[in-house]
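Some notes on the structure that comes next.
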Number of protein chains: 2
Amino acid sequence: MYIIADWRRTHYSEQVIPEMDGQEVILMGWVHSIRALGKLAFIILRDREGLIQMVVPKQKVDEETFELAKKLGKEDVITIRGKVVANEKAPKGFEVIPMEIRILNKADAPLPLDPSEKVPAEIDTRLDRRFLDIRRPKIQAIFKIRSEMLKSIRKTFSEEGFIEVNTPKLVASATEGGTELFPISYFEKEAFLGQSPQLYKQMMMAGGFDKVFEIAQIFRAEEHNTRRHLNEAISIDTEMSFVNEKDAMAMLEKVVHNCYTDIEYNRPSEIETLELNFEIPEKTFPKVTYSEAVDVAVSKGVEIEWGEDLSRAAEKAIGDEMGGLYFITEWPTQTRPFYTLPDENDNKICKAFDLMYKELEISSGAQRIHKYDSLVQNIAKRGMNPDSFETYLEAFRYGMPPHAGWGLGADRFTMILTNQENIRECVLFPRDRQRLTP
Amino acid sequence: MYIIADWRRTHYSEQVIPEMDGQEVILMGWVHSIRALGKLAFIILRDREGLIQMVVPKQKVDEETFELAKKLGKEDVITIRGKVVANEKAPKGFEVIPMEIRILNKADAPLPLDPSEKVPAEIDTRLDRRFLDIRRPKIQAIFKIRSEMLKSIRKTFSEEGFIEVNTPKLVASATEGGTELFPISYFEKEAFLGQSPQLYKQMMMAGGFDKVFEIAQIFRAEEHNTRRHLNEAISIDTEMSFVNEKDAMAMLEKVVHNCYTDIEYNRPSEIETLELNFEIPEKTFPKVTYSEAVDVAVSKGVEIEWGEDLSRAAEKAIGDEMGGLYFITEWPTQTRPFYTLPDENDNKICKAFDLMYKELEISSGAQRIHKYDSLVQNIAKRGMNPDSFETYLEAFRYGMPPHAGWGLGADRFTMILTNQENIRECVLFPRDRQRLTP
């Protein structure tokens, strides 16, 4: 008991088919359900790829196996060596009759959360017992699609000649002069958790890396408690040289479009499990300027002045009008960070963009200022001290190329791909102001 | 001046060949060197892929272009529209004659660090100006190989059916009961930076994810200052269910072997730039037990008792004997973390392994304890309080499968792949006790 020894899984549940009639298989997984009648036991085994039915007829198996089968409990971990028997009356056209069953671990009863339940518990209960929650196929499907998304994004970056970089998350000062930072005791010094790799990826451009990407944690000490913010998030960040913001937007369109294509191709059963109405977007997305977007909001009765950041109400009004994926471009300079390049003809607007999905912002980007003097002026104009950006600013003095880039929120993008309303559904162990465990 | 406008790079330097004689190209990059004679200027342009020579003959270009060329300074950022002219006497069999040159950004002089210098400065000077340091082809080559390594590793995981996961780096308590943690102020609470995803990847096994991997930051508040430790590192972590430690080792062999193969295939010019003696290892690596390794150390005069962790002196002695990549297996249980599975016949040794390269440990792994009672006992036996592992331990009560896994240090593995002696050479912005910037 409890020993895997030399047994290894020969098939996942979904790989067994009626055509394997007579073949011996070794399966491993959890007891999803067990029903023992007088001379017959039915076990449904669950593994990562699905469910499979075992039939244990008392006459056809040895006594030990039959007794063991009857004693199984929900969520026990078992392995079965058995024979595939084609049977037209069985749900999938076959059954597996075990020759030997081994229990690898018992599950206590009752379960604090039952993975076979149709109606899930409240999200907080589920997150407290996330290891049980993620056994449900609908939850696993979200994370399989998320994994596929990350794979697809890296593939696109790689095909386009981007280099993957790792930049530090322990930093000495704020990226954007903001206050929403988590402080750390770093030996004798104070340090902070990085809220964005922005300054580092720009320094990579000065370093001649040409095109880089990084997929990593960002940390924001924001106090709001919404369904679309977390304090620890995964950001897909990129920066590219010798291009403008339109090239950066084209790259973002390619990355996003390819994600949909790859997920549709590689994860059809997860799309089905989640009952997604999965539509691949066009290769280019609609674009509206900030001014046009504000007009839309105003026309729908939202109170907003040109120059303000978009309120939730404005985002909702604009999202209703635009639907799906679209860009908002030509933002007021004052709404964007100091490193954003203003338009050469009208410095009240700048070369920034947001990628939206309906009312949700999923990506922000821009062409950046690459001239040292403009950048120093801009930092000062915003009431920040250029001295505190010394190592960053130095990179602009010795040959900084024109560059542009964006950050795409991996958790939010997963929400859209999997049609979830709460970002916590798309993160295995979410971190918000209240939640720091498990 | 300073505007990229509608110009886009048509070729990287390495893509231009003599057969393109007569063709127009647009190149973008840095002035690596400039030599202006009376009626002739030579510019060597550097981009991410290499160097390319421009010849600017006064008779063949307009006056403005010639004057501009003469005024160029080292590390200015320029773009050139020019014509390829085959010339057997030129270094690569061709030259580019510019029709138009645009300056995209000037570089101040003198440079605090000159990327064209053959003899590099001290490492601390270089790290202070990392953006200039990484312009040197030898430095870029390290990070191109690092990027290729990460790509190869993910490819192997993907081919073997592993799901990529993201686990939190903000945690409420220590992974291994250790004290080497960075504390954070997390709103009203105290939190820590994750020193390992260990407990999370094990919970994923309880969650039925079967095989997972994560490549992410780990943070260790260790005070030592060596050439092989940093306080922020990238760890390649994996965990797999229904297998033992030997399967985990086989997966590690596959991951490492494929890295060498992919780098040799995809990064030949970086291997050349770094003058690496790049040998692809066998598909399986030699294995010695801890006891055998201790005997080797003792035979070489190292003082060590069975049961102690390997000292630096012992690692050196063993590394000298073994060379290259090899495993040390069957470690004394007391030297390994509480979650390591002891041998069923002799609980003084356990199912743990280290992957070494000569004297450097690059990976640690083991089969884990999957039985709740054993785990609780083990935590208590080590003087820790099982209550502080509550959410982790709960995952073992409701169906935890047998599982094994490992962590591979991305920074250390890069050291080996690129033949570097100091881990700081393999990390863009290293973090140690003294260094928190840039």
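Every number here is computed from the coordinates shown, using simple stated rules; none is lab data. Please read these numbers as outputs of a predicted model, since none were measured by experiment. Neighbour counts are summed over all protein chains in view; Cβ atoms, including those assigned to glycine, are modelled from backbone coordinates with ideal geometry.
Using a Gaussian network model on chain A with a 10 Å cutoff between Cα atoms, which of A:Lys371, A:Lys138, A:Lys89 fluctuates the most?
Per the Cα network of chain A with a 10 Å cutoff, A:Lys89 tops the list.
Once Lys and Arg get +1 and Asp and Glu get -1 on their Cβ, which of A:Thr65, A:Gln15, A:Ile362 lies farthest toward the positive end of the dipole of chain A?
Of A:Thr65, A:Gln15, A:Ile362, it is A:Thr65.
Using the 7 Å Cα-to-Cβ label point, sort the distances from B:Glu292 to its equivalents in the other copies shortest first and give them in nm to one decimal.
7.0
Just want the answer: with Cβ charges of +1 for Lys and Arg and -1 for Asp and Glu, which residue in B:Cys259, A:Gln195, B:Thr340 is farthest toward the dipole's positive end in the protein assembly as shown?
The listed residue farthest towards the positive side: B:Cys259.
What size of dipole, in debye to the nearest 20, comes out for the protein assembly as shown about its Cα centre when the only charges are +1 on Lys and Arg C-beta atoms and -1 on Asp and Glu C-beta atoms?
280
Of A:Lys74/B:Lys201; A:Lys287/A:Lys351; B:Lys155/B:Lys246; B:Lys201/B:Lys283, which sit over 18 Å apart, Cα to Cα?
Too far apart for the 18 Å limit: A:Lys74/B:Lys201; B:Lys155/B:Lys246; B:Lys201/B:Lys283.
What is the Cα centroid distance between segment B:81-116 and segment B:141-210, reported in whole angstrom?
A separation of 44 Å, based on Cα centres.
Which residue, A:Asp62, A:Asp411, A:Asp237, has the most motion in a Gaussian network model of chain A that connects Cα atoms within less than 10 Å?
A:Asp62
Trypsin sites (Lys or Arg not before Pro), restricted to segment A:259-357: which are DSSP loop and have at most 16 other Cβ atoms within 10 Å?
In loop regions of segment A:259-357 (DSSP not H, G, I, E or B), the sparsely surrounded trypsin sites (Lys or Arg not before Pro) are A:Lys283, A:Lys300, A:Lys348.
Restricting to DSSP loop positions (anything but H, G, I, E, B) with no more than 15 other Cβ atoms inside 10 Å of their own Cβ, which GluC sites (Glu not before Pro) remain in segment B:263-297?
Here the sparse-neighbourhood loop sites are B:Glu275, B:Glu279, B:Glu282.
For the pair A:Tyr265 and A:Asn419, how long in nm is the line joining their label points, each one 7 Å along Cα→Cβ?
Result: 2.3 nm between the two label points.
Over segment A:254-328, what is the mean sequence separation of C-alpha contacts under 8 Å (at least six apart), divided by residue count, expressed as relative contact order in percent?
It comes to 31 percent, rounded to a whole number.
One decimal, nm, shortest first: give the distances between the label point of B:Ser116 and those of the same position in the other copies, each label point 7 Å from Cα along Cα→Cβ.
In ascending order, 7.4 nm.
Can you say what percent of the DSSP beta bridges in segment A:18-105, counting only those with both residues inside, are antiparallel? Round to 5.
Expressed as a percentage, antiparallel bridges in segment A:18-105 total about 95.
Taking the Cα centre of each part, how many Å lie between segment B:282-348 and segment B:378-438?
Taking the Cα centre of each part, segment B:282-348 and segment B:378-438 sit 19 Å apart.
Given a Förster distance of 22 angstrom, what is the FRET efficiency for A:Ser291 paired with A:Lys358, based on the Cβ-Cβ distance and rounded to 0.05?
Rounded to the nearest 0.05, the efficiency is 0.65.
How high is the FRET efficiency between A:Gln15 and A:Asn345 when r is their beta carbon distance and R₀ equals 60 Å, given to the nearest 0.05?
0.45
Where the label is 7 Å out from Cα toward Cβ, how close does B:Asn422 come to the same position in every other copy, in nm, shortest first?
5.0
From the square roots a ≥ b ≥ c of the eigenvalues of the alpha-carbon gyration tensor of segment A:1-119, which class results: rounded (a/c under 1.5), prolate (a/b over b/c), or oblate?
rounded
For the charge dipole of the protein assembly as shown, defined by +1 on Lys and Arg C-beta atoms and -1 on Asp and Glu C-beta atoms about the Cα centroid, which residue among A:Ser116, B:Pro430, A:Ser158 has the Cα displaced farthest towards the positive pole?
Highest projection toward the positive end goes to A:Ser158.
Based on the Cβ-Cβ distance of B:Ala5 and B:Ala313, what FRET efficiency does E = 1/(1 + (r/R0)^6) give at R0 = 60 Å, to the nearest 0.05?
With a Förster radius of 60 Å, E is 0.45.
Please list, or write none, the lysines whose alpha carbon is within less than 18 Å of the alpha carbon of A:Lys92, excluding same-chain residues fewer than 8 places away.
A:Lys83
Using only the Cα atoms of segment B:114-195, build the gyration tensor, take square roots of its eigenvalues as a ≥ b ≥ c, and label the shape rounded, prolate or oblate: rounded if a/c is under 1.5, else prolate if a/b is larger than b/c, else oblate.
Judged from the Cα gyration tensor, segment B:114-195 comes out oblate (a/c at least 1.5, b/c at or above a/b).
How large is the helix-only mean residue ellipticity at 222 nm for the protein assembly as shown, computed as the sum of -39500 (n - 2.57) over DSSP H runs with n ≥ 4, divided by its residue count, in deg cm²/dmol to the nearest 500?
So the calculated ellipticity at 222 nm is -8500 deg cm²/dmol.
Quick check for me: using +1 on Lys/Arg Cβ and -1 on Asp/Glu Cβ, what's the dipole size of segment B:267-390 about its Cα centre, in debye to the nearest 20?
The dipole magnitude comes to about 380 debye.
Are there GluC sites (Glu not before Pro) in segment B:328-378 that DSSP marks as loop and that have at most 12 other Cβ atoms within 10 Å, and which are they?
Here the GluC sites (Glu not before Pro) that fit, given the DSSP loop and packing criteria, are B:Glu344.
If you draw the axis that swings chain A onto chain B, which residue of A has its Cβ closest to it, and how far is that in whole Å?
Checking which Cβ lies nearest the axis yields A:Ile184, 3.
Mind checking the dipole of chain A: about its Cα centre, +1 per Lys or Arg Cβ, -1 per Asp or Glu Cβ, Debye to the nearest 20?
The dipole magnitude comes to about 1460 debye.
Excluding same-chain residues fewer than 8 positions from A:Lys300, which lysines have a Cα within less than 18 Å of its Cα?
A:Lys316, A:Lys358
Give me the Kirkwood hydrodynamic radius of segment B:133-425 in Å, from all C-alpha pairs, to one decimal place?
It is 20.0 Å.
Considering chain B as a Gaussian network with a 10 Å cut-off on Cα pairs, which listed residue, B:Ile379, B:Ile123, B:Ile17, attains the greatest mean-square fluctuation?
In this elastic network of chain B, the residue with the biggest mean-square fluctuation among B:Ile379, B:Ile123, B:Ile17 is B:Ile17.
Which value in nm describes the separation of the simple spin-label points at A:Lys92 and A:Lys283, placed 7 Å from the Cα toward the beta carbon?
A separation of 3.9 nm, rounded to one decimal place.
Only bridges with both residues in segment A:281-360 count here: give the DSSP antiparallel percent, nearest 5.
Taking every DSSP beta bridge with both residues in segment A:281-360, the antiparallel ones total about 75 percent.
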